[in-house]
1. How much solvent-accessible surface does V106 expose, in Å² to the nearest 10, with a 1.4 Å probe and all protein chains in place?
2. Place a point 7 Å from the Cα of Q309 along the Cα-to-Cβ direction; which residues of the stretch 78-102 have their backbone N under 13 Å from it?
3. So what does H206 come to for accessible area, using a 1.4 Å probe and Å² rounded to 10?
4. Using a Förster radius of 45 Å, what is the FRET efficiency between W244 and Q218 based on their Cβ-Cβ separation? Nearest 0.05, please.
5. Local charge sum around K231 (other residues, Cβ-Cβ under 15 Å, Lys/Arg +1, Asp/Glu -1)?
6. With a Förster radius of 41 Å, plug the Cβ-Cβ distance of Q237 and R103 into 1/(1 + (r/R0)^6) and report the FRET value to the nearest 0.05.
7. Hey, any idea what % of the stretch 109-207's accessible area is carbon plus sulfur with a 1.4 Å probe?
8. Test of understanding: what is the full-extension gain from E321 to D79, defined as 0.36 nm times their sequence separation minus their Cα-Cα distance?
Amino acid sequence: MKIDRYNRVIRDSKFAWSFPASFTRRHGGSKGIVLVCLCIVFLTFSALDWQITVADTPYDETAAAAAPSDQAAVMENEDAAKKLLRRVIFQLASGPAFESKVRQRVWTTGREVVGVGTYEQSGHTSGQFNFQMTMHDGEGKHTLQQMSDGRLAWTRTEVAGEISLRRVDVARLDEWSASSQHDGMLPLRVRVGGWIELLEQIQLDHQLQIASGKLQGQPVWVVTATLPQSKQDHILQTSGRDQWPTLYPVKVCVVISKVGNQETGFGKFMPLRIEHWSREMDPPSGPEPEEIPQAERLISLVELYSIRQIAPPPIERFRFENRDAEVNFTNETDRYLKRFGVNVAELAPIKQYR
């Protein structure tokens with residue numbers, strides 16, 4: 001699948017990135033890789049007017065072509081990228097209900113692993129969504145399930161038979177943050193999980209740029225989020241590592257539809273592809289290798305396809321049924337309170353976390 005004016009993958013036909021052979025064996029190392037593959041989808045605003053379009057922003061083709069030294073043009077371009085992502089987030093949260101199929105491909109040394117799944121969202125600021133992803137490593141299957149009914153958000157992972165459960169009391173987030181919310185802000189319950197949290201995470205600590213392109217002949221926007229070198233250096237220093245982690249992205253590219261479905265018109269401002277790129281490979285030492293490494297490493301590609309508008313499903317579709325009573329879940333509500341800057345200690349006793 002090629003994106004005109006944007007396909008920067010430098011791949012030799014002799015060389016492909018994929019998973020190590022140990023991935024097929026069920027031990028600690030392979031389980032960690034599978035878990036990263038599943039969860040890289042979710043690297044754990046003020047709303048714009050519903051009628052706004054990115055064409056109304058200061059961005060134009062001349063800004064994209066401006067020289068890097070033209071700081072004003074760079075800042076103008078970054079501002080346009082931020083506005084576009086906010087517009088996408090706002091539509092996902094407040095727009096009509098939709099469903100789509102999801103495919104993810106992950107590469108690292110050894111093999112390529114493919115995951116398939118579905119995504120369903122009620123929209124209309126309900127915060128209700130249901131995401132399912134399954135990956136096969138040739139010996140077994142591993143699953144990621146994330147869903148919210150607007151009251152409780154659950155994440156369930158099963159890797160090599162080991163189950164992990166996490167929960168966020170999203171209704172309480174809204175209750176505790178009511179006094180700090182401003183007009184036009186999305187309620188916190190819709191900002192936990194799904195594509196909305198992913199897109200908000202992409203904006204954090206990254207430098208954004210926007211460009212126009214084409215995906216399978218259809219016009220799209222491409223937002224590129226790059227982790228600054230200073231942030232990369234800080235991550236290495238604090239982690240105590242001397243080499244960059246293989247599956248830790250330094251660049252994320254989000255491809256967004258400009259026109260939607262040609263027949264129905266639905267899908268404008270919908271994310272179509274999310275690419276995670278890792279650092280360039282260090283030059284090999286010793287004798288020249290037979291396989292030529294690519295200049296940039298595309299480590300994960302998430303694709304949304306068969307996107308269509310639907311009637312809002314019943315709330316039962318988004319309620320998590322915990323069939324793993326013997327598994328203790330982790331309540332991550334406090335972590336999200338800190339992330340959103342909600343100070344529970346300053347709230348009335350009746351709102352204290354129990």
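1. 0
2. Label zone hits: 95-99.
3. 40
4. On the way: r = 34 Å, r/R0 = 0.76.
The pair W244/Q218 has a calculated efficiency of 0.85.
5. Numbers: positive: R241, K251, R279; negative: D205, D233.
Here the count lands on +1.
6. Working: r = 36 Å, r/R0 = 0.88.
Computed FRET efficiency for Q237 and R103 comes out at 0.70.
7. On the way: 1700 of 3750 Å².
Percent of accessible area from carbon and sulfur atoms in the stretch 109-207: 45.
8. Working: separation 242, 0.36 × 242 = 87.12 nm, distance 4.19 nm.
Difference between extended and current length: 82.9 nm.
The values are calculated or read from the model by the stated rules, or taken from the named source; none is laboratory data. Note that the coordinates shown come from a computational prediction; the quantities given were computed from them, not determined experimentally. Counting neighbours? That spans all protein chains shown, and the Cβs are built from the backbone with ideal geometry, glycine included. Each accessible area value is taken on the protein alone, full model and side chains, heavy atoms only, with ligands, DNA and RNA left out. Shrake-Rupley method; radii C 1.70, N 1.55, O 1.52, S 1.80 Å.
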